[in-house]
Amino acid sequence: MPEPDHPDPPAVLITGTSTGIGAACALELDRRGFRVFAGLRQEADAQRLRGEASGRLVPVMLDVTEADSVRSAAETVGRAVGDAGLAGLVNNAGIVVPGPLELVPLDRLRRQLEVNVLGHLAVTQAMLPLLRVVPGRIVNVSSIAGRIAPPYMGAYGASKHALTAITDVLRIELRGWGIHVAIVEPDSVATPIWDKFQTDSDTLDAKAPPQVRKLYEQDLLKMRKAAYRMDRTGMPVEKVVRAIHHALATRRPKTRYALGWRSWLGPWAFGGMPDWLRDWIVLRMMGVRK
Ligand SMILES: NC(=O)c1ccc[n+]([C@@H]2O[C@H](COP(=O)([O-])OP(=O)(O)OC[C@H]3O[C@@H](n4cnc5c(N)ncnc54)[C@H](OP(=O)(O)O)[C@@H]3O)[C@@H](O)[C@H]2O)c1
């Protein structure tokens, strides 16, 4: 772990640092002496984060779905770190597109995959030349939804399952260069993502064709209650930040950080379980009766 004020602190790029896990991670790694490049999309967020961090932290404008933005961020980071390279990349940016799959507009599903899957891979591809120099480490922030697809969040589950597959492949493909790839799989975390979920649910409600919407009236209510519960009972962001720091800084990092009892017990217990029992448990895990 680097010491604060080390003459050449290890550089880390984190995506999605305006709020939640990303913001907490940026501030904690900054506090621990890393040279943090904080990916953001709004100047106001950059100013706020700069105000809370040391002079070392560098906000970088980065929309993971925009090719020009990714390219320009790679150039900015590359110029700043020079021959020292990048010690870590935390692919954290993410959104949740809510809704039963019949109601999810396909352009929203595309957006879900653009941000949570293609965005992570685009940033990874752009940063690999800098990571190879050190060699650095990659931490992908996935979710329990990358192992157990949650009803009413099928788009999100699909994106996180894809991220799990990508992480499993990168871990093997990048091993030859000594680049360690870890996945962090938290159960629910108390962050603004759940408020955004409720707002996006309002939009879904408003846009769904009335006859289909009527069929799902009760489900939409259950979906909102489940999201509300996940926010209220979510683990603190600090728990996720500790895991990310472990993956970046310890001598023997793990490849998988399942956080929360449902996250480590669920996938293990589901192996070989009949689907009817699995589905019953998944609904109860979400606090939903169907
Ligand atoms: N909260 C949970 O229960 C939970 C559980 C498991 C895993 N996770 C995962 O943790 C990660 C962080 O989520 P969070 O809970 O901290 O949510 P959050 O507070 O809503 O943060 C999401 C971050 O992603 C950024 N983002 C969204 N679209 C982006 C894009 N196109 N390009 C770059 N950045 C973008 C947001 O930036 P803007 O403000 O600019 O939109 C924000 O900084 C996500 O990958 C999420 O799936 C969360």
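The values are calculated or read from the model by the stated rules, or taken from the named source; none is laboratory data. Keep in mind that what you see is a predicted model, and the values were worked out from it rather than measured. Heads up, the Cβs are rebuilt from the backbone with ideal geometry, glycines too, and the neighbour counts pull from every protein chain shown. What goes into the accessible areas is simple: the full protein's heavy atoms, side chains included, and nothing from ligands, DNA or RNA. Shrake-Rupley method; radii C 1.70, N 1.55, O 1.52, S 1.80 Å.
Please verify whether region 19-37 includes one or more residues that are touching a Cys at 6+ places or on another chain (Cβ under 9 Å), open to solvent by less than 10 Å² (accessible area, probe 1.4 Å) and free of Cβ contacts under 8 Å to residues at least 40 places away in the same chain. Checked region 19-37: at least one residue is touching a Cys at 6+ places or on another chain (Cβ under 9 Å), open to solvent by less than 10 Å² (accessible area, probe 1.4 Å) and free of Cβ contacts under 8 Å to residues at least 40 places away in the same chain. If you go through region 64-100 and keep only what is in contact (Cβ under 8 Å) with a residue 12 or more places away in the chain and charged (D, E, K, R), you end up with 71, 83.
Examine region 168-185 for a residue that is surrounded by fewer than 20 Cβ atoms within 10 Å (Cβ to Cβ) and on the phi > 0 side of the Ramachandran plot, and state whether such a residue exists. Looking through region 168-185, at least one residue is surrounded by fewer than 20 Cβ atoms within 10 Å (Cβ to Cβ) and on the phi > 0 side of the Ramachandran plot. Identify, please: which residue in region 29-46 is within 13 Å of the ligand (Cβ to nearest atom) and part of a helix (DSSP H, G or I) and is, among those, farthest from residue 122 (Cα to Cα)? Here the answer is 44.
Out of 170, 221, 248, 204, one residue alone is modelled with pLDDT under 95, in contact with a helix residue (DSSP H, G or I) (Cβ under 9 Å, 6 or more places away or on another chain) and assigned to a helix (DSSP H, G or I). It is 204. Is it fair to say residue 275 is within 21 Å of residue 161 (Cβ to Cβ), open to solvent by 60 Å² or more (accessible area, probe 1.4 Å), without any contact (Cβ under 8 Å) to a residue 40 or more places away in the chain and of a type outside the set (Lys, Arg)? Yes; evaluated as a whole, the condition is true for this residue.
Among the residues of region 173-184 satisfying the criterion of being touching a residue at least 60 places away in the same chain (Cβ under 8 Å) and touching a helix residue (DSSP H, G or I) at 6+ places or on another chain (Cβ under 7 Å), which is farthest from residue 136 (Cα to Cα)? First the steps, then the outcome.
We begin by selecting, within region 173-184, every residue touching a residue at least 60 places away in the same chain (Cβ under 8 Å); these are 180-184.
With touching a helix residue (DSSP H, G or I) at 6+ places or on another chain (Cβ under 7 Å) added as a condition, the list becomes 181-184.
Numbers: 181: 9, 182: 12, 183: 15, 184: 17 Å.
Across region 173-184, the extreme among qualifying residues is 184.
For residues in region 191-228 being within 16 Å of the ligand (Cβ to nearest atom) and of a type in the set (S, T, N, Q), which is surrounded by the fewest Cβ atoms within 10 Å (Cβ to Cβ)? Restricting to residues being within 16 Å of the ligand (Cβ to nearest atom) and of a type in the set (S, T, N, Q), the top hit is 199. Screening region 187-216 for residues that are of a type in the set (Phe, Trp, Tyr) and within 23 Å of the chain's Cα centre (by Cα) and picking the one that is farthest from residue 153 (Cα to Cα) gives 194.
The rows are residues; the columns are (1) assigned to a loop (DSSP other than H, G, I, E, B); (2) closer than 24 Å to residue 155 by Cβ; (3) within 14 Å of the chain's Cα centre (by Cα).
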residue	(1), (2), (3)
48	no, no, no
55	yes, no, no
71	no, no, no
75	no, no, no
79	no, no, no
97	yes, yes, yes
109	no, yes, no
123	no, yes, yes
132	no, no, no
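Of all the residues in region 177-190, those that are within 11 Å of the ligand (Cβ to nearest atom) and small (Gly, Ala, Ser) number 2.
Per-residue answers, yes or no, for (1) at pLDDT 95 or above; (2) more than 16 Å from the ligand (Cβ to nearest atom); (3) open to solvent by less than 50 Å² (accessible area, probe 1.4 Å); (4) more than 19 Å from residue 169 (Cβ to Cβ):
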{"position": "74", "(1), (2), (3), (4)": "yes, no, yes, yes"}
{"position": "79", "(1), (2), (3), (4)": "yes, yes, no, yes"}
{"position": "91", "(1), (2), (3), (4)": "yes, no, yes, no"}
{"position": "94", "(1), (2), (3), (4)": "yes, no, yes, yes"}
{"position": "110", "(1), (2), (3), (4)": "yes, no, no, yes"}
{"position": "114", "(1), (2), (3), (4)": "yes, no, no, yes"}
{"position": "126", "(1), (2), (3), (4)": "yes, no, yes, no"}
